[in-house]
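Each remark here refers to the structure printed beneath this line.
The values are calculated or read from the model by the stated rules, or taken from the named source; none is laboratory data. This structure is a prediction, so every number in the text was calculated from the model and none was measured. Here the Cβ is made from the backbone with ideal geometry for all residues, glycine too, and neighbour counts use every protein chain on show. All accessible areas refer to the heavy atoms of the entire protein, side chains included, with ligands and DNA or RNA removed. Shrake-Rupley method; radii C 1.70, N 1.55, O 1.52, S 1.80 Å.
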Amino acid sequence: ITDPMLYFGMIFTSFCWHVEDHFLYSINYHHGGAPKVWYGVGSDHAEALEEAMRRELPELFDKHPDLLHQLVTMITPADLKRHGIPVF
């Protein structure tokens with residue numbers, strides 16, 4: 001049995017990019033006055049997402065090669081789209 005997780009958020013809260021069930025990358029934002037919005041990237045673009053993050057944050061990845069496993073990495077969906085990664 002796994003422990004259930006409960007996350008609390010308020011206006012402008014977010015959760016860093018991470019791998020969800022079925023190996024989909026996802027992130028969520030709570031935009032002011034609106035329901036929370038979830039963004040996702042399909043598993044077929046996982047490598048491209050990781051490479052885009054490495055290009056955007058090279059100094060951080062040099063210091064912390066496992067950065068994507070620490071749930072501390074943020075990049076906007078618009079930046080991913082600029083790198084040719086479809087975000088849904």
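Which residue is surrounded by the fewest Cβ atoms within 10 Å (Cβ to Cβ), if the candidates are limited to the range 62-72 and must be assigned to a loop (DSSP other than H, G, I, E, B) and modelled with pLDDT of 80 or more?
Asp66
Go over the candidates Ile75, Ile85 one by one and state the one that is assigned to a loop (DSSP other than H, G, I, E, B) and either at pLDDT 85 or above or at positive phi (or both).
Selected residue: Ile85, the only one of Ile75, Ile85 that is assigned to a loop (DSSP other than H, G, I, E, B) and either at pLDDT 85 or above or at positive phi (or both).
Only one residue in Glu50, Glu59 is in a helix (DSSP H, G or I) and open to solvent by 70 Å² or more (accessible area, probe 1.4 Å), so which one is that?
Glu59
For the range 16-47, name all the residues that are assigned to a helix (DSSP H, G or I), at pLDDT below 70 and on the phi < 0 side of the Ramachandran plot.
Selection gives Asp21 alone.
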